[in-house]
Amino acid sequence: MSAIRLLVLGAVRVHGRAHGYQVRNDLEYWGAHEWSNAKPGSIYHALKQLAKQGLLRAHETAPSTAGGPPRTEYEITERGTEEYFRLLREALVTYDQRGDVKTAAVGFLVDLPRAEAVALLRERTLRIEQWRASVLEHYVPEGGPGQLGHIGEIMNMWVHTADSEAEWTHGLIERIEGGAHTFADEGDPFVGVLAEDGENPYATGERHPRDLL
């Protein structure tokens, strides 16, 4: 799964309607340019592709009063919303070695009902256990990494990563079941996006030709 697809759909959905620079600004504010492939070019490309696929609807806006060119604003469609939640649920239960999809999913976790979020995270722990077991078919930790030469170090890393991931997931489940955070249909959610024209303290400073579109 591509994290950029989930990130862009989620960012547009938060605003209801947003132009490309807003989406880019939000993703930079979340630090996504550091832990995913959410770079300016990929963000604008994703917006256009998602619109072509009918998951976003593109709107041409009037030119700015300052004389700038019109911008394209995007809003998520019904199909886009369905795809967003499909990707979110899949990302929450899937375990692999890449952190970008997991990080994106946790960022949008509260868009789900609390009980469903817990159920998906419990499924994630089961898949972590299954993945760990598949590694242990070829590697026995008690034998030490050296049993398979330097390749054993990779498997040793995988086992330790899976153990850490499982511990973290169990902790998250406990916090959610204990009442942490505001989930869908529970009240006003935490909205971690910048206000229109708000200053982004985490901006990369890079400019892209389509920032004006």
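Among the candidates Tyr74, Tyr44, the residue that is within 30 Å of Thr182 (Cβ to Cβ) and touching a residue at least 40 places away in the same chain (Cβ under 8 Å) is uniquely Tyr74.
Whether any residue in the range 36-43 is in contact with a Lys or Arg (Cβ under 7 Å, 6 or more places away or on another chain) and at pLDDT 85 or above is what I want to check. Checked the range 36-43: at least one residue is in contact with a Lys or Arg (Cβ under 7 Å, 6 or more places away or on another chain) and at pLDDT 85 or above. Say we look at the range 10-26 and pick out the residues that are in contact with a Ser or Thr (Cβ under 8 Å, 6 or more places away or on another chain) and part of a helix (DSSP H, G or I); which of these is modelled with the lowest pLDDT? Ranking the qualifying residues of the range 10-26, first place goes to Gly20. If the condition is being in contact with a Gly (Cβ under 9 Å, 6 or more places away or on another chain) and basic (Lys, Arg), then the range 115-141 contributes no residue at all.
Filtering the range 30-42 to residues that are under 13 Å from the mean Cα position of the chain (by Cα) and assigned to a helix (DSSP H, G or I) leaves Ala32, His33, Glu34, Trp35.
Within the range 95-139, being under 25 Å from Arg5 (Cα atoms) and outside any helix (DSSP H, G or I) holds for Tyr95, Asp96, Gln97, Arg98, Gly99, Phe108, Leu112, Pro113. Inside the range 43-60, residues that are surrounded by 21 or more Cβ atoms within 10 Å (Cβ to Cβ), touching a strand residue (DSSP E or B) at 6+ places or on another chain (Cβ under 8 Å) and in a helix (DSSP H, G or I) make up a count of 2.
Residues checked against (1) at pLDDT 95 or above; (2) hydrophobic (A, V, I, L, M, F, W, C); (3) surrounded by 12 or more Cβ atoms within 10 Å (Cβ to Cβ):
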| position | (1), (2), (3) |
| --- | --- |
| Glu137 | no, no, no |
| Glu153 | no, no, yes |
| His170 | yes, no, yes |
| Ala184 | no, yes, yes |
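None of Tyr84, Tyr74 is of a type in the set (Ser, Thr, Tyr) and under 13 Å from the mean Cα position of the chain (by Cα) except Tyr84. Would you check if Ala11 is closer than 22 Å to Thr61 by Cβ and more than 13 Å from the chain's Cα centre (by Cα)? Here the answer is no, as Ala11 does not meet what is asked. Which ones in the range 77-93 are surrounded by fewer than 16 Cβ atoms within 10 Å (Cβ to Cβ) and either part of a loop (DSSP other than H, G, I, E, B) or without any contact (Cβ under 8 Å) to a residue 12 or more places away in the chain (or both)? Passing the criteria: Glu78, Glu82, Arg86.
Considering only residues in the range 98-111 that are more than 8 Å from the chain's Cα centre (by Cα) and closer than 15 Å to Thr169 by Cβ, the one that is modelled with the lowest pLDDT turns out to be Gly99.
The values are calculated or read from the model by the stated rules, or taken from the named source; none is laboratory data. The structure displayed is predicted, hence computed values, not measured ones. Neighbour counts run over all protein chains shown; Cβ positions are idealised from the backbone, glycine included.
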